[in-house]
Amino acid sequence: MDFERAASLQPSPLVDPFGRTVDYLRVSVTDRCDFRCVYCMSENMTFLPKQDLLTLEELDRLCGAFIARGVRKLRLTGGEPLVRRGIMTLIESLSRHLRSGALEELTITTNGSQLPKYARELADYGLKRINVSLDTLDADKFRAITRWGELDKVLAGIDAAQSAGLKVKINAVALKGVNEDEFGSLIAWAHGRGMDLTLIEVMPLGEIGEGRIDQYLPLSMARARIAERHTLEDIDYRTGGPARYVRVKETGGRLGFITPMTHNFCESCNRVRLTCTGTLYMCLGQEDAADLRTPLRASEGNDLLNAAIDEAISRKPKGHDFVIDRRTKRPAVSRHMSVTGG
Ligand code: SAM
Ligand code: SF4
């Protein structure tokens, strides 16, 4: 085959209408979870019927199709990714893309509860850094925020991850009147253990049966509060995600801010999100989505799937527009974070 023809058959990279290359895929492998965090889920959630879920083999094939189109970073999330039955089989299988060099990074975002069981295996399958979500170090508050979680288990999970050699980044949602007095102790704790800490603003995703306005704390306010006792130095460090980092002079550690509400970070968005039913969301903050399950199941080859992926990427919107105020009663999008994956 001549060179030009061979080149024309190479699957092309994913570039959206605004010239942004999509090389980061986040996959929500389940919408279920062993916690019920107040900002993420209502207490009585209805989950997807099991038969609607993609099988682990189908998820593997879909991820493979994206990797063939230039995705270099894959994050498994949920719901709680580590409660999906057989999840380690999927991670083991995906690790072949790390060995081949096609994938730069395979990682997860987890609530940490299952890490005592799985941390070692995750490290064995080539994971290097993971994100653990933890909003407070106070056991009672932790129970109040997660409704079902136990702080001790998560702390044991973080210990297990670090012992297995995984780098851990802590993500904490900033919650007005709940953990805003704890940022100093979270910084001291995380940095003392060599972990970056990132604060996240509450986003209006899904009905949760409580007012967002009561939870929402603009990170500009959190930052000002932290700066009363700490020296924050702007640094260039980026992880490929939307966080902006500073160095805390007193601890030497990094503190990140993810500010979807007060600062729009869409210009450099390089990601798309796949749900456990094979729906692709081109933006976390928009309803528009593409069904990849139908083309996936329609044939064994990936031509139909690739065409559907191309069509979806051509619709990736410029950005999102979240509003949390007293007049805006409905969430910006109706699906919960546990569906799209955080
Ligand atoms: N269960 C895993 C966990 O908690 O890390 C992964 C999924 S969870 C949906 C991913 C991240 O989204 C978590 O850090 C969580 O705190 C965050 N999150 C959930 N709902 C949110 C919301 N409404 N606004 C901002 N962050 C949210
Ligand atoms: Fe579960 Fe994560 Fe949502 Fe909490 S934030 S309910 S741990 S999916």
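Just how many pairs of Lys in the chain have C-alpha atoms closer than 15 Å, counting pairs that are eight or more places apart or on different chains?
For the chain, qualifying lysine pairs total 6.
Arranged from highest to lowest average of other beta-carbon atoms within 10 Å per residue, in what order do the peptides 308-314, 294-300 appear?
Listed from highest to lowest mean packing, they are 308-314, 294-300.
Hey, what number do you get for the chain at 222 nm if only DSSP H runs of n ≥ 4 count, each worth -39500 (n - 2.57), divided across all residues, to the nearest 500?
Dividing the helical sum by the residues of the chain leaves -9000 deg cm²/dmol.
Under a 5 Å amide H to amide H cut-off, with H placed in plane at 1.01 Å, what residues pair with residue 129 once short-range neighbours are removed?
167
Could you give me the ³J(HN,Hα) list for region 309-318, computed from phi with Karplus coefficients 6.51, -1.76, 1.60 and θ = phi - 60°, whole Hz, x at Gly and Pro?
Going residue by residue, I get 5, 4, 5, 5, 5, 5, 9, 4, x, 5 Hz, with x marking Gly and Pro.
Quick check on the chain: of the DSSP beta bridges with both residues there, what percent are antiparallel, nearest 5%?
For the chain, the DSSP antiparallel bridge percentage is about 30.
Amide H of residue 279 versus every other amide H placed in the peptide plane: which residues, excluding those fewer than 5 positions away on the same chain, fall under 5 Å?
Here 292 satisfy the definition.
Which one of 203, 282, 88 has the biggest mean-square fluctuation once the chain is modelled by GNM with Cα springs under 10 Å?
Fluctuation is largest for 88.
At a 4.7 angstrom Cβ threshold, list every cysteine in the chain that has nobody to pair with, or say none.
33, 63, 266, 269, 276, 283
How many times 2.2 N^0.38 Å is the alpha carbon radius of gyration of the chain?
So the Cα radius of gyration is 0.98 times the expected 2.2 N^0.38 Å.
Return the single residue from 51, 286, 162 with maximal mean-square fluctuation; model: Gaussian network over the chain, springs between Cα atoms under 10 Å.
51
What residue among 143, 273, 238 shows peak mean-square fluctuation when the chain is described by a Gaussian network model with Cα springs under 10 Å?
Sorting by GNM fluctuation, first place goes to 238.
Tell me, what ³J(HN,Hα) does each residue in region 136-149 have, in order and in whole Hz, if you take phi through Karplus 6.51 cos²θ - 1.76 cosθ + 1.60 with θ = phi - 60° and put x for Gly and Pro?
For region 136-149, the Karplus curve yields 7, 9, 9, 4, 5, 5, 4, 5, 5, 6, 8, 6, 10, x Hz.
Please give the Cα centre distance for region 134-157 versus region 251-306, rounded to the nearest Å.
28 Å
Taking amide H positions as placed 1.01 Å from N in the peptide plane, with prolines and chain starts having none, which residues 5 or more places from residue 76, or on another chain, fall under 5 Å of its amide H?
Here 27, 107, 108, 109 satisfy the definition.
Helix 87-100 versus the longest principal axis of the chain: what is the Cα-based angle in degrees, 0 to 90, to the nearest 10?
For helix 87-100, the angle is close to 70 degrees.
How far is helix 183-192 tilted off the main Cα axis of the chain, in degrees rounded to 10, range 0 to 90?
Between helix and principal axis, roughly 60 degrees.
With a point put 7 Å past each Cα toward its Cβ, work out how far residue 268 is from residue 34 in nm, to one decimal.
3.6 nm
Over the chain, calculate the relative contact order: mean separation of alpha carbon pairs under 8 Å at least 6 apart, over the residue count, as a percent.
22 percent
Taken together, the values in this text are just the output of simple stated rules run on the coordinates, not laboratory data. Worth saying up front: this structure is predicted, and the values here are computed from it rather than measured. Virtual Cβ from ideal backbone geometry, glycine too; neighbours counted across all protein chains shown.
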